[in-house]
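Worksheet: the structure to be examined is printed underneath.
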Amino acid sequence: MRRRARRIEDSGRGLIAPEEVERDGVILRRLTADDAPAVSRAATESLEHLGPWMPWATPEGTSLETQRERLLGPATLWNSGSGYEYGIFLPDRTLVGGCGLHRRIGPSALEIGYWVHVDHTRRGIATECAGALTAVGFGLRGIERMEIHCDEANVASASVPPKLGYRLTGRVDHEPEAPGEVGSRLIWVLYRREWEARPPRATPSGA
Ligand SMILES: CC(C)(COP(=O)(O)OP(=O)(O)OC[C@H]1O[C@@H](n2cnc3c(N)ncnc32)[C@H](O)[C@@H]1OP(=O)(O)O)[C@@H](O)C(=O)NCCC(=O)NCCS
């Protein structure tokens, strides 16, 4: 009986993420190869800030050519439902970062990633985006768990998930992939039942 109810409820959810989501002054929009110049510019301007944490944040990795090539990928990912990569835009459509949902932690779960242009940090943008992506993830059929991972040394990134109700459930040794990482990955988890039981948003940056 419970299984049937669950199936009916689940069938009301989408299979593919929305291409655009707006939330409290930030717009998340599906990235395409046409966004390569804006992504390359924002990431290049933020190299020193991103470099310690993002393996791709090198002069070559943020170049227009690499980004154009890379951004041809999300089109196929999106349509297959295997991953969703969004640009973060201000209302005037300036690109100020990127974030995404990745299907790399099992069939009923999605992992959130994010980065913000160095000139736009500490304004709650990553928290808003991760909150919006949490809602997008739980709006998808079959998704029961959302996770955010970051290296223990990445204090800024680790500050985002607890603001949204995620719980720290583990630390996993990993091979550092970027120069700032110390090799201990924090695993932050939010289950659907916890998300559904969350209190109404009390502040603009709450979940
Ligand atoms: C991590 C990152 C996305 C945070 O973006 P942001 O938009 O500045 O985050 P928010 O404004 O939502 O900040 C959330 C909280 O993080 C903490 N925080 C953010 N930047 C911080 C910093 N430089 N030092 C310490 N704490 C920081 C604060 O507690 C902040 O809340 P507060 O401003 O209310 O105190 C951004 O710093 C970034 O792009 N870092 C490089 C890329 C990266 O590490 N990505 C994640 C990989 S796992």
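Within the range 73-101, the residues that satisfy the criterion of being in contact (Cβ under 8 Å) with a residue 24 or more places away in the chain and more than 15 Å from residue 35 (Cβ to Cβ) are 79, 81, 91, 101.
Could you tell me whether residue 86 is more than 10 Å from the ligand (Cβ to nearest atom) and touching a Cys at 6+ places or on another chain (Cβ under 7 Å)? Yes; evaluated as a whole, the condition is true for this residue. Scanning the range 45-82 for residues that are away from the ligand (no atom under 14 Å from the Cβ), surrounded by 15 or more Cβ atoms within 10 Å (Cβ to Cβ) and on the phi < 0 side of the Ramachandran plot yields 63, 66, 67, 68, 70, 71, 74, 77, 78. Pairs are defined by a Cβ separation below 7 Å, a sequence spacing of at least 6 or placement on different chains, a first member in the range 114-130 that is farther than 14 Å from residue 163 by Cα, and a second member that is assigned to a helix (DSSP H, G or I) and more than 7 Å from the ligand (Cβ to nearest atom); the pairs so defined are 114/129; 114/130; 117/42; 117/45; 118/45.
Only one entry in 80, 40, 63 is farther than 29 Å from residue 167 by Cα, of a type in the set (Ser, Thr, Tyr) and modelled with pLDDT under 95, namely 80. Would you say residue 88 is touching a Gly at 6+ places or on another chain (Cβ under 7 Å), among the β-branched types (Val, Ile, Thr) and more than 23 Å from residue 180 (Cα to Cα)? Yes.
Does residue 57 satisfy being assigned to a helix (DSSP H, G or I) and of a type in the set (Gly, Ala, Ser)? So residue 57 does not fit the description; no.
Per-residue answers, yes or no, for (1) among the acidic types (Asp, Glu); (2) at positive phi; (3) within 14 Å of the ligand (Cβ to nearest atom); (4) part of a helix (DSSP H, G or I):
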{"position": "104", "(1), (2), (3), (4)": "no, no, yes, no"}
{"position": "110", "(1), (2), (3), (4)": "no, no, no, no"}
{"position": "122", "(1), (2), (3), (4)": "no, yes, yes, no"}
{"position": "131", "(1), (2), (3), (4)": "no, no, yes, yes"}
{"position": "143", "(1), (2), (3), (4)": "no, no, no, no"}
{"position": "148", "(1), (2), (3), (4)": "no, no, yes, no"}
{"position": "157", "(1), (2), (3), (4)": "no, no, yes, yes"}
{"position": "162", "(1), (2), (3), (4)": "no, no, yes, yes"}
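The values are calculated or read from the model by the stated rules, or taken from the named source; none is laboratory data. From a predicted model like this one, the values you see are computed outputs, not experimental measurements. Positions of Cβ are backbone-derived with ideal geometry, glycine not excepted, and every protein chain shown enters the neighbour counts.
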